[in-house]
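The values are calculated or read from the model by the stated rules, or taken from the named source; none is laboratory data. Nothing here was measured: the structure is a model prediction, and the numbers come from that model. Every residue, glycine among them, receives a Cβ derived from its backbone with ideal geometry; neighbour counts consider all protein chains shown. Ligands, DNA and RNA are stripped out before the accessible areas are found, and what is left, the full protein with its side chains, is counted by its heavy atoms. Shrake-Rupley method; radii C 1.70, N 1.55, O 1.52, S 1.80 Å.
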Amino acid sequence: MPSLKDLKNRIASVKATQKITKAMKMVAAAKLRRAQEAAEAARPYSQRMGAVLANIAQAVGSDDSAPRLMTGTGKDDVHLLVVCTAERGLCGGFNSSIARFARDHARKLLAQGKTVKFFCVGKKGYDSLRREFADMIVQRTDLREVKRIGFTDADVIGRKVIDMFQRGEFDVCTLFYSEFKSVISQVPTAQQIIPAAPAAAAQQGGASALYEYEPDAAAILEDLIPRNISVQIFRALLENVAGEMGAKMSAMDNATRNAGEMINKLTLSYNRQRQAQITKELIEIISGAEAL
C-alpha cells in the first residue's frame with residue numbers, strides 16, 4: 001500500500017496534469033472556430049470547381065485532345081494514396097482512423113494484385129503507415145512549421161502529385177482525409193482526384209447549361225484540372241485542421257474529467273489511510289496510558 005507521502009505526491013501530479021489538459025482544451029476550442037469557418041468556406045468553392053470541371057468535361061467527351069489528367073492512362077495497375085493527417089497527437093483517434101481507412105484500402109488493392117504507393121502528408125500518418133508499408137512510402141510532406149494552412153501549401157503538394165503522374169509513376173490517385181462534421185464526429189473520406197471523376201461533380205452541380213469555350217474546352221481543362229487537384233487537397237487539409245481541433249477538444253475534455261475522477265479516488269484513499277493512521281496512533285496512546 002502506498003504511503004501518505006506517495007499518495008499526496010500523486011494527487012499533486014494528477015492536478016498538474018489536469019491543469020495542462022484543461023488549458024489544451026481551451027486552446028483547441030479557440031482554434032476550432034476559425035478552423036471550422038475556413039473548412040466550411042472551402043466546401044462550396046471546391047464543389048463548384050468540380051461542377052465547372054464536369055461541364056467542360058462533358059463538352060470534351062472522349063475526345064483524344066482531352067488531357068491525360070482527366071482521361072487517365074487507361075490502366076489502374078498502380079495506385080497512389082495521398083494520406084493527409086495531423087502533425088501532432090493528443091487528439092484521440094483522429095489520426096489513427098484516417099491511417100486505418102487508408103491501410104484497409106491498400107490491403108484491398110494489394111489483394112487484387114495492384115501496386116500501391118503512399119504519399120504521406122503529416123507526421124502521424126507517416127508514423128502509423130511505415131510500420132507496415134515502409135517500402136511503399138514514396139513521398140512525405142511535413143507541415144509542422146506551417147502555422148496556418150494556405151493554398152500555396154496545397155499547391156506544392158498538388159504539383160508533386162502531378163509531376164509523379166506525368167513521369168508515369170502511378171495510374172490512379174486517391175486522396176484520404178477526415179471530413180469535419182462536428183466536434184465529436186469526423187468521418188474518414190476517400191476521394192479520387194486522378195483521373196478526374198466528373199460524374200460525381202456533375203451531380204453536385206445540378207442541371208448543366210450549354211457553354212461556348214474560348215479558346216477551346218481542352219485548353220481550359222489543361223489549366224483547370226491541375227488547379228482543381230490543388231483545390232481538393234486544400235479543402236482536405238482545411239477539413240483535417242478543423243477535425244483535429246474538434247477531436248483534440250473532445251479528447252482533452254475527457255482527459256480533464258478522468259483526471260478529476262482520479263483525484264477524487266486518490267483523495268478518498270489518502271483520507272482513509274490518514275484516518276486509519278490517526279486511529280492507530282490513538283489506540284497506541286490509550287493502550288500505553290492504561291498500562292501505566
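Against the conditions (1) part of a loop (DSSP other than H, G, I, E, B); (2) surrounded by 14 or more Cβ atoms within 10 Å (Cβ to Cβ), K117 satisfies every one except (1). Residues of segment 144-182 that are aliphatic (A, V, I, L, M), surrounded by fewer than 19 Cβ atoms within 10 Å (Cβ to Cβ) and not in a helix (DSSP H, G or I): V146, I149. I'd like to know if segment 124-134 contains one or more residues that are closer than 23 Å to L238 by Cα and aliphatic (A, V, I, L, M). Yes, that holds for at least one residue. Restricting the search to segment 121-136, which residues are touching a Ser or Thr at 6+ places or on another chain (Cβ under 6 Å), open to solvent by less than 60 Å² (accessible area, probe 1.4 Å) and assigned to a helix (DSSP H, G or I)? G125 - this is the single residue of segment 121-136 that is touching a Ser or Thr at 6+ places or on another chain (Cβ under 6 Å), open to solvent by less than 60 Å² (accessible area, probe 1.4 Å) and assigned to a helix (DSSP H, G or I). Pairs are defined by a Cβ separation below 6 Å, a sequence spacing of at least 6 or placement on different chains, a first member in segment 180-203 that is at positive phi, and a second member that is at pLDDT below 85; no pair meets this definition.
Let me confirm something: among V82, V27, V14, which residue is part of a helix (DSSP H, G or I), open to solvent by less than 30 Å² (accessible area, probe 1.4 Å) and modelled with pLDDT of 90 or more? Criteria check complete, one pass: V14. Within the set E87, E37, the sole residue that is in contact with a helix residue (DSSP H, G or I) (Cβ under 7 Å, 6 or more places away or on another chain) and surrounded by fewer than 19 Cβ atoms within 10 Å (Cβ to Cβ) turns out to be E87.
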